[in-house]
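The values are calculated or read from the model by the stated rules, or taken from the named source; none is laboratory data. Worth saying up front: this structure is predicted, and the values here are computed from it rather than measured. Positions of Cβ are generated from backbone atoms using ideal geometry, with glycine treated the same way; all protein chains shown enter the neighbour counts. These accessible areas exclude ligands, DNA and RNA; they are computed on the full protein's heavy atoms, side chains included. Shrake-Rupley method; radii C 1.70, N 1.55, O 1.52, S 1.80 Å.
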Amino acid sequence: MSGTFLKDEEATVAYGLKLAQRFIRDHGGDVCVYLTGDLGAGKTTLVRGILRGLGHEGAVKSPTYTLLEPYNLPSALVYHLDLYRIGHGEELAFVGLDELLEEAAIKLIEWPERGEGYLPAPDLVITLTVDGEGRRVEEQTA
């Protein structure tokens with residue numbers, strides 16, 4: 001099995017901290033990241049690490065019901081989207097998220113396949129899979 005093994009939640013958050021630094025260094029804070037993986041694979045935990053790496057100290061909740069959690073941080077504007085409850089990508093346009101996604105920001109999108117055709121192209125696709133007690137993370141540059 002390829003990718004990086006993350007033994008626990010702490011390792012997943014630490015991986016997110018490193019990603020945050022890369023997003024600022026390599027993309028100037030304007031990057032679109034698709035986060036894929038089954039329910040419980042650790043996508044929101046990874047987002048928590050990314051947000052911590054960008055200076056966010058508060059709670060990080062999954063936007064499963066709200067679709068979007070924005071974070072206006074000193075280092076970057078971050079949009080965390082969870083499209084699990086979206087039936088079709090057209091719904092993004094209906095609620096106005098398509099315009100928001102055109103803004104310069106770090107866009108972290110869980111369940112991107114549900115917004116297919118209505119999302120910006122990813123700069124990076126991160127896939128998380130359960131591997132025993134831990135997680136495995138794989139990155140694919142788009």
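Could you run the Debye sum over the Cα atoms of the stretch 81-123, one equal point scatterer each and no solvent, and tell me log10 of I(q)/I(0) at q = 0.26 Å⁻¹, two decimals? Listed by q, the Debye log ratios stand at -0.94. Compared with the rule-of-thumb size 2.2 N^0.38 Å for a compact globular protein, the stretch 1-113 has a Cα radius of gyration ratio of 1.04. Other residues with beta-carbon under 15 Å from the beta-carbon of PRO74 carry, at +1 per Lys or Arg and -1 per Asp or Glu, a net charge of 0. Accessible area per residue for the chain is 52 Å², calculated with a 1.4 Å probe on protein heavy atoms, without ligands, DNA or RNA.
Each listed q (0.15, 0.22 Å⁻¹) maps to a log10 I(q)/I(0) for the stretch 49-142 from the Debye sum over equal C-alpha point scatterers, namely -0.65, -1.29.
Charged side chains reduced to their Cβ positions (Lys and Arg at +1, Asp and Glu at -1) give the chain a dipole of some 460 debye around its Cα centre. The share of C-alpha pairs in the stretch 43-92 whose separation exceeds 18 Å stands at 31 percent. Per-residue packing, averaged as other Cβ atoms within 10 Å, sorts the ranges 33-44, 7-18 into the order 33-44, 7-18, beginning with the highest. In terms of the mean number of neighbouring beta-carbon atoms within 10 Å, the peptides 97-110, 53-66 order highest first as 97-110, 53-66. The calculated P(r) of the stretch 1-67, using every Cα pair and 10 Å bins from 0, goes 20, 52, 27, 1 in percent. Within the accessible area of the stretch 1-131, what % is carbon and sulfur when the probe is 1.4 Å and the other protein chains stay in place? Carbon plus sulfur share of accessible area: 50 percent.
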